[in-house]
Structure formats: C-alpha cells, structure tokens
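The values are calculated or read from the model by the stated rules, or taken from the named source; none is laboratory data. Here the structure is a predicted model, which means the values were calculated and not measured. Here the Cβ positions follow ideal geometry from the backbone for every residue, glycine too, while neighbour counts run over all protein chains shown. Areas reflect the complete protein model, heavy atoms only, side chains present, ligands, DNA and RNA absent. Shrake-Rupley method; radii C 1.70, N 1.55, O 1.52, S 1.80 Å.
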Amino acid sequence: MAYEHEKNVAIAALKAAARLCEQVRHDRGPDAMTKADHSPVTVADFGAQAVICRAIAAIFPNDPVVGEEDATLLQKPAMAERLAQVTRYVHMVDPTATPEQVAAWINRGNGQPSDRFWTLDPIDGTKGYVRGDQYAIALALIEGGQVVLGLMACPALPVDPQQPEGDRGVLFLAARGEGAHALALANEHPHPIRVNAPDSGQPLRLIESVEVDHGDHGRQAAIAQSLGMAEEPIRMDSQAKYGAVARGDADLYLRLPQPASGDRRENIWDHAAGAIVIEEAGGRVTDLFGQPLDFSHGSKLSQNQGIVASNGHIHDRVLAAIRDR
Ligand code: AMP
Ligand code: MG
C-alpha cells in the first residue's frame, strides 16, 4: 500500500494528540487565549501541534509542516506559565521534553508549502472544543499540489452514529486511490466507509457549521429546501462534517461564504484531510462554482470560494441550485 509508513506515523501522532486534547478538556475546561486575528487558541491546540510536529520531524525530517499555530504568543516572557502548562501535557508523550523543545516543535509548523509537505490543524473547530462539542485534529500530506493522504481524529464523535450516547472517538483516514476508512480511536482495526448510495432510501440530510459566521445558513437552507431536503440540518463544528458525509450520516456539507466575510479565502488545513476522505469514500468536493479545490497555491485556497462536499450523486443538482440562489 502507498504511503504506509506516513500513514502509520500519522495515526500514532493523531492518537497521541487526541489523548492530550481530551485530557486538557477534562482537566481544565474551557480557557482560551485570543490570537491577533481574534480567534481562540488553547493549551491543547499548542500541545497537539507540538506532539504531531515532533513525530513528523523524527521520521520525515525534510518534510515541511504548514500548521495553523506558532509559538510566538507562547514565547513571550509573560506567557512562561502557559508554555509550562503545554509542556506538562506534552510529557504525556515525551516525559523529558523541555519548554524550549516544545516551542521549537510548535514552530516547526511554520513551514512553507513545497513539492511535498504536510498541513496540520491541531484543533480544527476550537470554538466547538471550548464549547464541549465536536472538533477534529486534521493532518494531510500534499504532493505536487494534490492531497495524497488525509487523516482526521474526532475524539468526541460517536463511533456508531446510530448510538449517539455510545462510545466516542473516531479516526478517519484516506490515501489517494485506496478508499476511505474509519476506526475507533480506542481500536486498531480500520473498516471501509462509503457515502450514501442513491438508493439508500434515507431522506437527504444537510450538515453545516454551528458558527453562523462560518457559513450562510439562510442561503444553505434555501438550497436544501429546493433539493427537497425536509430534515433539519445537522450543525457540527470542524472537519468532522466531512467524516459525517463520508460515512453516510449526512449527504451534503455546504459552506457558502457569509456576505459579511468579504473576500475571505479558506485555509488549506481546514479542508485538505476532509476533502480526500469524502472523495475516497465515493463523494465529490468542489467550491461553490463546481471547481475542484486547488491545493497548489500556498496556505490558502486562493482559487476557490465556498465548499460543496456531497455524496457525489446529488452534486450537480446542488451546484445548479447554488447558481439559482
Ligand atoms: P467550522 O468548525 O466548520 O465552523 O470551521 C472552523 C474554521 O472556520 C476555523 O478553522 C477557521 O479557520 C474558519 N473560519 C474563521 N472565520 C471564518 C469565516 N468568517 N468564514 C468561514 N470560515 C471561518
Ligand atoms: Mg481550523
């Protein structure tokens, strides 16, 4: 199998990061700092980025990582106690790690896109994480502008969507051309996943962000209605939405830009892992104009606007509905 070594390193790193994030959430409850762009960041975002960058640096030292976080904020003298807290959580993985090493691992996520690089969101959906809802640890490998491997750990997602109160913690993974798989975070055995088939007999279901700023809920509802989707949308934080479509909990993930967001473009780490998981599960992912997502233009999807991710067979109808509304 292709990328077997990368996949195994990434699975182990994501499982360790997921344990760290759940431990922080258990111990500390919500206590986010605010970054320069006003978005929240927690001890767990930094800890997860440190753990994953450490693992990649050890095995693939020449691979850049383009990650969401860096340690600039944490390295300020006034933040020494925060950095010490992050370091104590990184001790779950490496009991000898020093604050300097932890900051250096986090800053390894400042890499530049190149012919082969990883992109990492150590906590995608930090607002959901702080609220006690869904979040994802998302990691993808990009070669020649194509996502070739994607993984998402979703520690709070029910393992069996039919049993929402049952065991939680799912890892989704996909390598190009090899299908998509899921496994329980507590388990070793991946099983193949597929999007819903056209004849599934189930009503079509929309999934969208919880945060109203992150998608145009009104326009999305109008499109769902025009497609005959009668069910209420599922609202969920993070790239776990891509996993939900990939395993058939939903049929369509819409992320249409809020007019108030201006010309904001999406970050590659918010979509790379999720997109390959849906595509390899038999679905389709484009922007709102039907263009494929273009991961060859740096750290933003600068060539794309909005996200349409579906079970595939409804995709063209969705794009037509978007053109009309
Ligand atoms: P979600 O959990 O799907 O709502 O998305 C979380 C991601 O939304 C974060 O990783 C941010 O990068 C991104 N984000 C922040 N502001 C906006 C915005 N105005 N529109 C769309 N996405 C945003
Ligand atoms: Mg994110």
**Prompt:** For region 190-214, which residues satisfy the criterion of being under 21 Å from residue 15 (Cβ atoms) and either surrounded by 15 or more Cβ atoms within 10 Å (Cβ to Cβ) or in contact with a Leu (Cβ under 6 Å, 6 or more places away or on another chain) (or both)?
**Reply:** 190, 193
**Request:** Determine whether region 75-98 contains at least one residue that is within 16 Å of ligand 1 (Cβ to nearest atom), within 23 Å of residue 273 (Cβ to Cβ) and open to solvent by less than 60 Å² (accessible area, probe 1.4 Å).
**Result:** no
**Asked** From 126, 34, which residue is hydroxyl-bearing (Ser, Thr, Tyr), within 16 Å of ligand 1 (Cβ to nearest atom), over 21 Å from residue 8 (Cβ atoms) and open to solvent by 20 Å² or more (accessible area, probe 1.4 Å)?
**Response** 34
**Request:** Could you tell me whether any residue of region 128-143 is on the phi < 0 side of the Ramachandran plot, in a helix (DSSP H, G or I), among the polar types (S, T, N, Q) and at pLDDT 95 or above?
**Result:** no
**Near pairs, Cβ below 6 angstrom, 6+ apart or cross-chain, from region 133-145 (in contact (Cβ under 8 Å) with a residue 24 or more places away in the chain) to any residue that is away from ligand 2 (no atom under 14 Å from the Cβ) and in a loop (DSSP other than H, G, I, E, B)** = 142/295; 145/295; 145/296
**Request:** Working carefully through the options 95, 113, find the one that is away from ligand 2 (no atom under 16 Å from the Cβ), within 20 Å of the chain's Cα centre (by Cα) and part of a loop (DSSP other than H, G, I, E, B).
**Result:** 113
**Contacts under 8 angstrom Cβ, first residue in region 62-90 being on the phi > 0 side of the Ramachandran plot, partner surrounded by 14 or more Cβ atoms within 10 Å (Cβ to Cβ), 6 or more apart** = none
**Evaluation of residue 16 against (1) modelled with pLDDT under 95; (2) surrounded by 14 or more Cβ atoms within 10 Å (Cβ to Cβ); (3) among the aliphatic types (A, V, I, L, M) (one fails), failing number** = (1)
